[in-house]
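Everything on this sheet refers to the single structure shown next.
Where a number appears in this text, it was derived from the coordinates with a stated rule and is not lab data. It should be emphasised that the depicted structure is a prediction, and the values quoted were computed from it without experimental measurement. Reconstructed Cβ throughout: ideal geometry from the backbone, glycine too, with neighbour counts over all protein chains shown.
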Amino acid sequence: MTQVTMTVNGEAVSGDVEGRTLLVEFLREGQGMTGTHVGCDTSQCGACVVHVDGKAVKACAVLALELEGAEVTTIEGMANADGSLGTIQQAFQDHHGLQCGFCTPGMVMSAAALLKDNPSPSEAEIREYLEGNICRCTGYHNIVKAIMAASGQDVSAIAAE
Ligand code: FES
Ligand code: FES
């Protein structure tokens, strides 16, 4: 076992990991941060997306040991300081961007990464960016709408589904 230290949601955290320990295991099992989900074992579903040094990554596809000193943000870090939902989370709630919610942490983290690079994405750009995030419930329509709303775009003309 080797000790690794990284910053998660602004706080320094350390833990002993094996060479094969994945970031998602470090977060969920080592730190008790179970907001980051595991929906597959083939790195295809996107439920585990977090930010590492400002970039969206699949936490099931990166080793914890490689992240010594990294800055990690998880879904737990997306709420406002007072504990209320952050802008993107609130938009998902307001526009019914979730049903079972299993994919939602990854969707929110991917959306946050997209909006950082592209503050006013088109529907097509959102759909393309979310290619690596699978949702089995919503049909994506309301997720796309929620992300457009979170970016400040007027979605009043887009029908709910
Ligand atoms: S758990 Fe499915 S992509 Fe990471
Ligand atoms: S809301 Fe159920 S998988 Fe997306």
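Selection within segment 31-46: residues that are in contact (Cβ under 8 Å) with a residue 24 or more places away in the chain and away from ligand 1 (no atom under 12 Å from the Cβ). The member of this set that is nearest to residue 111 (Cα to Cα) is 35. Residue count for segment 7-26 satisfying the condition of being surrounded by fewer than 17 Cβ atoms within 10 Å (Cβ to Cβ) and over 20 Å from the mean Cα position of the chain (by Cα): 5. The set of residues from segment 47-73 being more than 17 Å from residue 132 (Cα to Cα) and touching a residue at least 40 places away in the same chain (Cβ under 8 Å) comprises 54, 63, 64, 65, 67, 68, 69, 70, 71, 72, 73.
At least 3 residues being surrounded by 13 or more Cβ atoms within 10 Å (Cβ to Cβ) and touching a strand residue (DSSP E or B) at 6+ places or on another chain (Cβ under 6 Å) is the threshold, and among the strands (runs of 3 or more DSSP E) wholly inside segment 41-123 those reaching it are 49-52, 71-73.
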